[in-house]
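Data first, discussion second: the structure below is written as structure tokens.
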Amino acid sequence: MTVLRKSFKVLIIVLIIPIILTGCFNYKEINTTTFTTCAIFDIADNGDVLIYLDCVRPYRDANESSDKGKRIIYKGTGRTAYEAIRSINMASSYKVNFTQNRAIIFTEKAARGGINKYLSLINTDQEFQVKPYVFVFFGDVEQLIKISSGDEEYLGVFLSELVQKNKNNPRAITTNINDYLVESKVGNNYTVLGGLDIRKDVIDERVELSGGVLMRRTEMIERINVTECMSYNFLKNKIKTGTLEVKNPQVKDGFLSLEILNSNTNTDIQYKNDQVILTKDIKINAVIAESQGRFIVTKESLNELKKNEEVNIRQYLMQFFKRFSNSQVDVLQVERLLEMKYPKLQVENILSKIDLKINVDVNISESNRVEDNYF
């Protein structure tokens, strides 16, 4: 009886395994498929959808044990994003597959015009994943294609690795498509995407992370520059490490670099007397990483640095908040915070009733290697 049961279990396993594996790629399927690493969405002058795909066409040689791949860049156009992709498939003997896509890029023109015409495909097509990072590119898309096609790295793979290396960079903003789709539908529908630009190096041009883009629902509202990114990340508790540059109080025109060891922002919101009191308590631990010119470390000099930097940070954060609130933009999602704490409360003109209180505590210590700098 025991032998019969074991035989029955083995039979069940043998029958189930083929069913589970029917969706897997085999070498024959891979050799007839083109995988995208990055999808770039643009809009033509007549309103049609333009899509550029940075792809890899795998190829396995029967005489070799390693895989090879050929890089291909496609361009398609159509009244819808799906039709644009179909136009690419009509010009390719290999089926385009989006399961390995790492990045989604919208041009500035597409973002300002509204990306709703692309989201249905991205959100409903089974091949599109929720993990790819999403960006808005500022510049000529043809130039971006030219630069990326001349590079050795696939654009999607490069951007994915670039984000991973800069996740703790306080001057960068990174968002994946899943976060965008969720955040754009809650509260007052604001969300922030990462920005991309082209930087001129000594010889070549490079694609770089460049600030962020404030979106409301599906339309671009404002661009957030690199400096403002740090303010945004501080206020949203997204800074863990990074650097701060402060004036050297002991040398005219000299600066000190502070390395942020850790940072934390606690947020509290209260509604009293028809006022929304938003409190941000920011605590930063930092160490002196570099000194331009002479800097003698004493208790007094560290206290002076501490006070100066606390004032500077508070001023930058207030300026950032006022720039957007004066434009009637709820960049800090205050409406959402108030809704979460007071679900039944209805407040009109919230931005005009916000009293923002920012408390900054910076703890600065000297370097473990050298206390004073005499150069």
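The values are calculated or read from the model by the stated rules, or taken from the named source; none is laboratory data. None of the values given here were measured: they were computed from a predicted structure. As a convention, Cβ positions derive from the backbone with ideal geometry for all residues, glycine included, and neighbour counts pool all protein chains shown. Note: accessible area is taken over every heavy atom of the protein model, side chains too, but ligands, DNA and RNA are not part of it. Shrake-Rupley method; radii C 1.70, N 1.55, O 1.52, S 1.80 Å.
From Leu305, Leu345, Leu261, grab the single residue that is surrounded by 16 or more Cβ atoms within 10 Å (Cβ to Cβ) and either farther than 23 Å from Gly212 by Cα or touching a residue at least 40 places away in the same chain (Cβ under 8 Å) (or both).
Checking each option against the conditions leaves just Leu305.
State all residues of region 215-252 that are among the hydrophobic types (A, V, I, L, M, F, W, C), more than 26 Å from Phe295 (Cβ to Cβ) and buried (at least 20 other Cβ atoms within 10 Å of the Cβ); if no residue qualifies, say none.
Selection gives Met215, Met220, Ile224, Cys229, Leu235.
Residues in region 153-160: is at least one more than 22 Å from Gly78 (Cβ to Cβ), out of contact with any helix residue (DSSP H, G or I) (no Cβ under 9 Å at 6 or more places or on another chain) and not small (Gly, Ala, Ser)?
Yes, there is a match, as at least one residue in region 153-160 is more than 22 Å from Gly78 (Cβ to Cβ), out of contact with any helix residue (DSSP H, G or I) (no Cβ under 9 Å at 6 or more places or on another chain) and not small (Gly, Ala, Ser).
Which of the residues spanning region 193-211 are touching a helix residue (DSSP H, G or I) at 6+ places or on another chain (Cβ under 7 Å) and either of a type in the set (D, E, K, R) or at negative phi (or both)?
Leu193, Ile198, Glu205, Val207, Leu209, Ser210
Would you mind stating whether Gln275 is farther than 30 Å from Asp140 by Cβ, touching a helix residue (DSSP H, G or I) at 6+ places or on another chain (Cβ under 9 Å), in contact (Cβ under 8 Å) with a residue 40 or more places away in the chain and open to solvent by 70 Å² or more (accessible area, probe 1.4 Å)?
Here the answer is yes, as Gln275 does meet what is asked.
Suppose we filter region 85-124 for residues that are more than 19 Å from Asp48 (Cβ to Cβ) and open to solvent by 50 Å² or more (accessible area, probe 1.4 Å); how many remain?
7
Report the residue count in region 158-210 for those that are under 26 Å from Leu351 (Cα atoms), touching a residue at least 60 places away in the same chain (Cβ under 8 Å), open to solvent by 50 Å² or more (accessible area, probe 1.4 Å) and within 16 Å of the chain's Cα centre (by Cα).
So the answer is 1.
Open to solvent by 30 Å² or more (accessible area, probe 1.4 Å), out of contact with any Cys (no Cβ under 9 Å at 6 or more places or on another chain) and either modelled with pLDDT of 90 or more or closer than 16 Å to Ile260 by Cβ (or both): is that true of Val311 in this structure?
yes
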